[in-house]
Amino acid sequence: MRGTKALRMPAFGEPPFVHRLLEWYRQAGRDLPWRQAPTAYQVVVSELMLQQTTVATALIRYPRFLQAFPDFWSLAAASEDEVVAEWAGLGYYQRARHLSRIARRVVADGMPHTESAWRQMPGVGPYTAAAIIAFAEGGRALAIDVNVRRTLSRLFALRDTPQIDAAIRAAMEPFLPPDSGELNQALIELGALICRPARPHCDSCPVAQACAGRDQLALYGRPPAKPAVRDELVHLVAVRRAGRLLVRQRTTRLLQGLWGLPQAQEHGHGLPDRVQAGDVTPTPVHFTHRFTHRRWQVQCTVVDGDGEGRWIDPRAPDVALAGPDRRAIQMLVEGGFFDAR
Ligand code: ADE
């Protein structure tokens, strides 16, 4: 409940549907930390985080990120790897790299103050640019993400076409106030709590009376087809030397910047490059690691040898490990593969 705010009379000329939506939001909206008079920095961090991270996780990680990097200046002073390390576990690490680059641009060139200027920043699309202007600048903008698109498509009975966002903007134009932050948050909240993708709660919707699509919801705001999940066989090679373990920084887009075990080439045949092998020991380490659009079938072999990379203590890794690698290393340690012999 956001019960701390005084109920407000409708502003002169405020349309009834907007008024009902705002009243509902003040009563029922969640009190989320990124909604408390955020700065542009806080909006950038929270909106990039929320792109691929649930609200429940962001509630823990957003304050932690702000503690590590309280503003653009502290973020710009950190290396990209330090920012990626703080992002560990959240996935989609390109977001952390974008944050780091945005901070450096802000420090070098000054803070943008328009949607179009924000959109020049790495990783900032139309949604995030509009969110910054609406939430941090108190400006007039409409932030359309997948949930707001679904909600407003239903409300105005707009069919999905390549021009759907332009149609939504045109429909909302008469209703958007000069200071649009609260209305944008209310639309996000309506999409999250009431106008759900499947089985929306129309009976408790504050704007059901105004909803043009209510009787034919199947026609509007249909979820985009989910991309297929791809299965991949990943063979990790734990190179062992004097109780230490060889790790390398990953360079592929999926886990870029995170550290992990070298990967065997040719689907499990052939050693990783720049590794010299002595004894090779198979292990019972087999597991499935799910990413959003991929599923890794991981297996792991231990090799006594040498190679290029960084040598770590597998019991106390001091690098930001990718999820599957962290799990494989933990299983190897628990399986006694690093016990003194
Ligand atoms: N998801 C994306 N942006 C959000 C916001 N500002 N509040 C809650 N959930 C969100």
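Values quoted throughout were computed directly from the atomic coordinates according to the rules given, and no laboratory measurement underlies them. In this text the structure is predicted, and so the values were computed from the model without any measurement. Using ideal geometry, Cβ is built from the backbone for each residue, glycine included, and neighbour counts are taken over all protein chains shown.
Using the alpha carbons alone, the radius of gyration of the chain stands to its Kirkwood radius in an Rg to Rh ratio of 1.07. Across the chain, Cα pairs under 8 Å and at least six residues apart give a relative contact order of 14 percent. Computed over the chain with a Gaussian network model linking Cα atoms closer than 10 Å, the most mobile of L233, L246, L50 is L233. Volume per residue for the stretch 189-341 equals 160 cubic angstrom (convex hull of Cα atoms). In the calculated pair-distance distribution of the stretch 277-341, the portion above 13 angstrom amounts to 70 percent of the Cα-Cα pairs. Annotation for the stretch 183-271: GluC sites (Glu not before Pro) lying in DSSP loop with at most 16 further Cβ atoms inside 10 Å of their Cβ do not exist. Taking amide H atoms as placed 1.01 Å from N in the peptide plane, list the residues 5 or more away in sequence, or in a different chain, whose amide H sits under 5 Å from that of R295. So R295 has HN proximity to R230, D231, E232. Evaluated with a Cβ-only charge set (Lys, Arg +1; Asp, Glu -1), the stretch 230-334 carries a dipole of roughly 420 debye about its Cα centre, given to the nearest 20. Placing a label point 7 Å from the Cα of A228 along the Cα-to-Cβ line, the residues of the stretch 268-296 whose backbone N sits under 19 Å from it are 290-296.
Remark: the stretch 6-140 projects, on average over all directions, an area of 9.1 nm² (convex hull of Cα atoms). Ranked by the mean number of other Cβ atoms within 10 Å of their residues, highest first, the peptides 166-172, 179-185 come out as 179-185, 166-172. Inter-label distance, R159 to A171: 1.3 nm, where each label sits 7 Å from its Cα along the C-beta direction.
May I ask which residue of L183, Q120, L142 lies farthest towards the positive end of the charge dipole of the stretch 102-249, with charges of +1 (Lys, Arg) and -1 (Asp, Glu) on Cβ and the Cα centre as origin? Of the listed residues, the answer is Q120. Taking the convex hull of the alpha carbon positions in the stretch 143-245 and averaging its projected area over all directions gives 11.8 nm². With the charge dipole of the stretch 229-318 set up from +1 on Lys and Arg Cβ and -1 on Asp and Glu Cβ about the Cα centre, the Cα lying farthest toward the positive end among the listed residues W296, P314, Q276 is that of W296. Amide H to amide H, with H built 1.01 Å from N, L321 comes under 5 Å of W259, counting only residues 5 or more places away or on other chains.
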